[in-house]
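One structure is given below, encoded as structure tokens.
The values are calculated or read from the model by the stated rules, or taken from the named source; none is laboratory data. The model shown is predicted, which means the values in this text are computed figures rather than measured ones. When we count neighbours, we look across all protein chains shown, and the Cβ atoms used for this are built from the backbone with ideal geometry, even at glycine. For accessibility, only protein heavy atoms count, side chains too; no ligands or nucleic acids. Shrake-Rupley method; radii C 1.70, N 1.55, O 1.52, S 1.80 Å.
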Amino acid sequence: MKYTETGFRPLYHKYCIFPLSETIRDVVKEYPGYDYANGVLTYGYIDRETGFRLEILCCVQYTDSDHYLLSNPSKDVRTVIQIGAVADE
């Protein structure tokens, strides 16, 4: 499922894992588990001023055995991205 194909409703007030693209990689370098991550856990919401946004909650490692290992969330950094950063993911 891609955001560009489905719109915001499937992501609105939902948790979703996105692959760790170059765009996202640059903003989560300070998160615990970054060195082993190949994805991020996000939460989608609408900001009245800036539109649909995704808050990055933690780094995720997808394993070969179809499991997701979630890292601890960052206590120091809060990262929010526009949906356009992952529109084709």
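Overview of values
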| read-out | value |
| --- | --- |
| Some residue of region 65-75 being within 19 Å of residue 88 (Cβ to Cβ) and open to solvent by less than 70 Å² (accessible area, probe 1.4 Å) | no |
| Pairs, first among the β-branched types (Val, Ile, Thr) in region 25-38, second assigned to a loop (DSSP other than H, G, I, E, B) and loosely packed, with under 15 Cβ neighbours inside 10 Å, C-beta under 9 Å, six or more apart | 27/77; 28/77 |
| Restricting region 28-84 to residues that are part of a strand (DSSP E or B) and among the charged types (D, E, K, R), the residue that is modelled with the highest pLDDT | 55 |
| Pick from region 47-64, criterion touching a helix residue (DSSP H, G or I) at 6+ places or on another chain (Cβ under 8 Å) and touching a residue at least 40 places away in the same chain (Cβ under 8 Å), ranking: surrounded by the most Cβ atoms within 10 Å (Cβ to Cβ) | 54 |
